[in-house]
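Below is one structure; the comments refer to it alone.
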Amino acid sequence: MKHAPGAKNPLQFALALGLGCDRGTPAATINQAISEALAACGGQPSDVRAVASIDLKADEAGLLQVARERAWCIHFYPAADLAAVERSQSLETVRRYTGSPSVPKRPRCLPPVPTRPI
């Protein structure tokens, strides 16, 4: 990540990732998307402090493989909890498949749930 002007040491950043994917998405595809997202914000994998997804993805092989490879724990949130969070935008397609109208942005607003070990 970028350093503050005049700083001798890099600033410590904490990033939270909200992950989702189509069923059967390979881990390599998910890893590529994560790498691109981190690069777009100037982040590094070591900056990631939290990873979250909807509980419908708790058995998604690609997500679980990525988490194991990167030594990340994933917090899985129930659709009802995600749907209850106030939002500025709702996506009907997401609601139809997950039961929550806006999955990608919601976990940052919720308290963490017990982490599922990978």
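For ASP59, the accessible surface of its heavy atoms amounts to roughly 110 Å² (probe 1.4 Å, protein chains only, rounded to the nearest 10).
Computed about its Cα centre, the charge dipole of segment 13-85 is approximately 120 debye, with only Lys, Arg, Asp and Glu carrying charge at their Cβ. Proximity of backbone amide H atoms, modeled 1.01 Å from N, is registered between ALA52 and LEU17, GLY18, LEU19, HIS75 at under 5 Å, excluding neighbours fewer than 5 places apart on the same chain. Model label points for ASP59 and GLU36, set 7 angstrom from Cα along the Cα-to-Cβ axis, are 2.9 nm apart. Taking label positions 7 Å along the Cα-Cβ direction at both ARG49 and ARG68, the computed distance is 2.8 nm, reported to one decimal.
The values are calculated or read from the model by the stated rules, or taken from the named source; none is laboratory data. Note that the coordinates shown come from a computational prediction; the quantities given were computed from them, not determined experimentally. Don't worry about glycine lacking a Cβ; one is built from the backbone with ideal geometry, like all the others, and counts go over all protein chains shown. We work out accessible area using only protein heavy atoms, side chains counted, and drop any ligands, DNA or RNA first. Shrake-Rupley method; radii C 1.70, N 1.55, O 1.52, S 1.80 Å.
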